[in-house]
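*Asks:* Okay, here's the structure, questions in a sec.
The values are calculated or read from the model by the stated rules, or taken from the named source; none is laboratory data. Small disclaimer: the values here were computed from a predicted structure and weren't measured. Cβ placement follows ideal geometry from the backbone for every residue including glycine, while neighbour counts extend to all protein chains displayed. Just the protein is used for accessible areas: all its heavy atoms, side chains included, with ligands, DNA and RNA removed. Shrake-Rupley method; radii C 1.70, N 1.55, O 1.52, S 1.80 Å.
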Amino acid sequence: MKPKNKFQQQVVEASKTLPSITKEQIQWGYDNAIEYLGYRSKKGIVTCSKCGHSWKGEGELITTLLGCDCPDCKSKLTVKATAKRTFNDSYYMTVIDSHKGCQVIRTIMLGYTSKIGELPKYSASEVMQRWIAPDGKYCTFAKLRQTMGTMYYDSWIFHTPLELRQETDVYNRIYTGAVYPKQKLIPGLKRTGYKKALYNQRPLDLFRILLTDSKAETLIKAGYSRLLKRIMDSGWKNIDNYWASIKICIRNKYIIRDATLWCDYIDMLRFFGKDLRNAKYVCPTNLKAEHDRYVIKKAKADAQLEIEKQLEKEDAYREAKAQFFGLVFSDGLINVRVLESVAEIITEGKVMKHCVGSYHSKPDSLILSACIGGKRIETIEISLSQLKVIQSRGTCNKTTKYHNQIVNLVNENIPLIEERLAA
Ligand SMILES: [Zn+2]
């Protein structure tokens, strides 16, 4: 892609003089970024995939669970029981570099093929560079990727040049892998207090936030890197929800050991309308105890809210159906009565194991219950506009032997309902 602005032009120019990844860096990657295996044969012979050394291993379970160290090259090995003879895999490593005033995040793909009885063959290829200016602007250099006939989004075509490319989310999904420990930083990043820990974030995101938002720098310098990590994990834009409280914590030299718990706690304070600028609230001596107290408080508030919602439904139900309350029909055996509350309808649905529980909100329906000697037999739904029984169901939606008797009883008494409708 041709550079589209001055920044991209500068980066294209700068990239021409960027030194290659060194042999040492690549060797470090082979030693640290690759997960080496110990192949375990049926007879219990373990072969180190890094140096080819073979030896009689410990018991199968132990080595498979715990892995082991190669007695020869001392590599930490993951043990795999296998009859396969050839293996290949690839890994990423990241070199954090700076060049011509830009921070450069360089991604190298390391490949290795090992064959039992031979030394592994290695390959390394720099596949991507993210160039970040001190003001947070960035652009990406990458090799081309195979996009047809592969299920992988990172099938790099190694012989293509590292060139300025259109941004795509694929670049953000490439693993960071192991990070080469010697990092070269631009002054703007050094100033922020960045100490080479990535807090499990993508370097591009972390660096851009550090370069463009002084709040991130403040967090690191105040020793709140766990909070930085927690908020980046949840999306950096959430920093504004906590910033006022964080400033109070900094002023009070408050130590936040558990950033997740603290953020959770602040969210609850906000829910209860507490003053988020008051140290009494935001810097509790015993965070865990206060947090737990609010969790209980919140659960009660949620339950209360649920009750209020239910009461609202009751009000609506009473308003819509009160004119039918008190209606009872009987033929001496069967008693039929109108259900007079949402709670009653829900109970009916639960006891009878059918779906009448949600019928209280149907404007055209009147729900009645037929009982014999106080025992529920069937639940009846009447259409108020058609003045007829729509359905009458026993437990689990079954029809009972009293079904016809119940329907007849209700039909005979429809005029009573009609009377109430007219009133
Ligand atoms: Zn070895």
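*Asks:* Taking +1 at the Cβ of each Lys and Arg and -1 at the Cβ of each Asp and Glu, which of 345, 204, 77 sits farthest along the dipole of the chain towards its positive end, judged by Cα position relative to the Cα centre?
*Replies:* Comparing the listed Cα positions along the dipole, 77 ranks first.
*Asks:* Do the sum for the chain: with -39,500 (n - 2.57) for every DSSP H run of n ≥ 4, divided by all residues, what is the mean residue ellipticity at 222 nm, to the nearest 500 deg cm²/dmol?
*Replies:* Counting only the DSSP helices, I get -11000 deg cm²/dmol.
*Asks:* Say the dipole of the chain comes from +1 at the beta carbon of Lys and Arg and -1 at that of Asp and Glu; which of 272, 36, 248 then lies farthest toward its positive end?
*Replies:* My answer, from the dipole projection, is 36.
*Asks:* Could you check the simple spin-label distance between residue 277 and residue 148, using points 7 Å along Cα→Cβ, in nm with one decimal?
*Replies:* Placing both labels 7 Å beyond Cα along the Cβ direction yields 6.2 nm.
*Asks:* Can you list, bin by bin at 10 Å, the percent of alpha carbon pairs in the chain, starting at 0?
*Replies:* Spelled out bin by bin, the chain gives 4, 15, 14, 12, 13, 12, 12, 11, 6, 1, 0 percent.
*Asks:* Take the cross-link list 274/297; 4/196; 16/190 and give me the ones stretching past 22 Å between alpha-carbons.
*Replies:* 4/196; 16/190
*Asks:* Still on this structure: Go through the stretch 209-221 residue by residue and turn each phi into a ³J(HN,Hα) via Karplus (6.51, -1.76, 1.60, θ = phi - 60°); whole Hz please, and just put x for glycine and proline.
*Replies:* Result, rounded to whole Hz: 5, 4, 6, 10, 10, 5, 4, 5, 4, 4, 4, 4, 5.
*Asks:* While we're here: Please tell me the relative contact order of the chain in percent, rounded to the nearest whole number, where contacts are Cα pairs under 8 Å and at least six residues apart.
*Replies:* Computed value for the chain: 8 percent relative contact order.
*Asks:* Would you mind putting 380-389, 151-160 in packing order, based on average other-beta-carbon counts within 10 Å, highest first?
*Replies:* Per-residue Cβ counts within 10 Å, averaged per peptide and sorted highest first, yield 380-389, 151-160.
*Asks:* Give me the dipole magnitude in Debye, nearest 20, for the stretch 6-179 about the Cα centre, with unit charges on the beta carbon: positive for Lys and Arg, negative for Asp and Glu.
*Replies:* Computed about the Cα centre, the dipole is about 420 debye.
*Asks:* Report the residues of the stretch 76-109 in range of a label on residue 137: point 7 Å along Cα→C-beta, backbone N strictly under 14 Å from it.
*Replies:* Of the residues in the stretch 76-109, 101-103 have backbone N under 14 Å from the label point off residue 137.
*Asks:* What does the charge dipole of the stretch 251-406 about its Cα centre add up to, to the nearest 20 debye, if the Cβ of each Lys and Arg holds +1 and the Cβ of each Asp and Glu holds -1?
*Replies:* The calculation lands at about 600 debye.
*Asks:* Spelling out what I want: for every residue of the stretch 307-312, take phi, set θ = phi - 60°, compute 6.51 cos²θ - 1.76 cosθ + 1.60 (Karplus), and round to whole Hz; glycine and proline get x.
*Replies:* 4, 4, 4, 5, 5, 4
*Asks:* Hey, rough spin-label estimate for residue 255 and residue 221, points 7 angstrom out along Cα→Cβ, what's it come to in nanometres?
*Replies:* So the label points at residue 255 and residue 221 sit 2.2 nm apart.
*Asks:* Mean-square fluctuation check for the chain, GNM, Cα pairs under 10 Å: which of 310, 201, 27 is largest?
*Replies:* Highest fluctuation of the listed residues: 310.
*Asks:* What is the distance in Å between the Cα centres of the stretch 210-268 and the stretch 117-175?
*Replies:* Cα centres, the stretch 210-268 to the stretch 117-175: 33 Å.
*Asks:* Now a separate question. Multiplying the sequence separation of residue 9 and residue 270 by 0.36 nm and subtracting their Cα-Cα distance, what value in nm do you get?
*Replies:* Using 0.36 nm per residue and subtracting the Cα-Cα distance, I get 89.2 nm.
*Asks:* Run the quick spin-label model on residue 421 and residue 375: label points 7 Å from Cα toward the beta carbon, then report their separation in nm to one decimal.
*Replies:* Distance between the two pseudo-spin positions: 3.4 nm.
*Asks:* Specify whether the C-alpha gyration tensor of the stretch 315-422 places it in the rounded, prolate or oblate class, a ≥ b ≥ c being the square roots of the eigenvalues: rounded for a/c under 1.5, otherwise prolate if a/b is larger than b/c and oblate if not.
*Replies:* Here the stretch 315-422 falls in the oblate category.
*Asks:* Taking θ as phi - 60°, what are the ³J(HN,Hα) couplings along the stretch 45-54 by the Karplus curve (6.51, -1.76, 1.60), each to the nearest whole Hz, with x for Gly and Pro?
*Replies:* Taking θ as phi minus 60°, the curve returns 7, 9, 10, 6, 6, 8, 10, x, 5, 10 Hz for the stretch 45-54.
*Asks:* Tilt of helix 342-352 relative to the longest C-alpha principal axis of the chain, in degrees (0 to 90, nearest 10)?
*Replies:* 80
*Asks:* If you roll a 1.4 Å probe over the stretch 6-179 with all protein chains in place, what percent of the accessible area is carbon or sulfur?
*Replies:* On the stretch 6-179, the fraction of accessible area on carbon and sulfur atoms equals 54 percent.
*Asks:* Let me ask another. Which of the cysteines in the chain are isolated, no other cysteine C-beta under 4.7 Å?
*Replies:* Lone cysteines by the Cβ rule: 68, 102, 139, 249, 263, 283, 355, 371, 396.
*Asks:* Still on this structure: Measure up 42/74; 121/182; 298/398; 23/137; 362/401; 247/300 against 32 Å on the Cα-Cα distance and list the ones that go over.
*Replies:* Exceeds cut-off: 298/398.
*Asks:* Further, regarding this structure: For residue 98, enumerate residues with amide H under 5 Å from its amide H, sequence gap 5+ or separate chain, H modeled in the peptide plane.
*Replies:* Placed amide hydrogens put 104, 184 under 5 Å from residue 98.
*Asks:* Taking only protein heavy atoms into account and a 1.4 Å probe, give the accessible area per residue of the chain in Å².
*Replies:* Roughly 55 Å² per residue, with all protein chains present.
*Asks:* Taking the dipole about the Cα centre of the stretch 18-166, with the C-beta of Lys and Arg at +1 and of Asp and Glu at -1, give me whichever of 131, 150, 19 is farthest to the positive side.
*Replies:* Of 131, 150, 19, it is 150.
*Asks:* Report in % the part of the accessible area of the stretch 213-258 that belongs to carbon and sulfur, leaving out ligands and nucleic acids; probe 1.4 Å.
*Replies:* On the stretch 213-258, the fraction of accessible area on carbon and sulfur atoms equals 45 percent.
*Asks:* Let me ask something additional. Measure out, as a whole number of angstrom, how far apart the alpha-carbon centroids of the stretch 318-349 and the stretch 296-316 sit.
*Replies:* 24
*Asks:* Once fully extended, how much extra length lies between residue 195 and residue 341, figured as 0.36 nm per residue of separation less the alpha-carbon to alpha-carbon distance?
*Replies:* Between residue 195 and residue 341, full extension yields an extra 46.1 nm.
*Asks:* Of the candidates 69, 233, 264, which one comes out as most mobile in a Gaussian network treatment of the chain with C-alpha springs shorter than 10 Å?
*Replies:* Among 69, 233, 264, the largest mean-square fluctuation in the Gaussian network model of the chain belongs to 69.
*Asks:* Could you give the length gained by full extension between residue 88 and residue 319, i.e. 0.36 nm per residue of separation minus their alpha carbon distance, to one decimal place?
*Replies:* 75.9 nm
*Asks:* What angle do you read, to the nearest 10 degrees and between 0 and 90, between the alpha-carbon axis of helix 239-251 and the longest principal axis of the chain?
*Replies:* 70
*Asks:* Next question. Treat every Asp and Glu Cβ in the stretch 330-423 as -1 and every Lys and Arg Cβ as +1, leave all other atoms uncharged, and give the resulting dipole magnitude about the Cα centre to the nearest 20 debye.
*Replies:* Once rounded to the nearest 20, the dipole reads 440 debye.
*Asks:* Taking a spot 7 Å from the Cα of residue 244 along the direction of its beta carbon, which residues of the stretch 284-311 have an amide N less than 18 Å from it?
*Replies:* Once the point is set 7 Å along Cα→Cβ of residue 244, 284 turn out to lie under 18 Å by backbone N, inside the stretch 284-311.
*Asks:* A follow-up question, please. Kindly express, to the nearest 10 degrees and within the range 0 to 90, the angle between helix 259-271's C-alpha long axis and the longest C-alpha principal axis of the chain.
*Replies:* Here the helix axis deviates by roughly 40 degrees.
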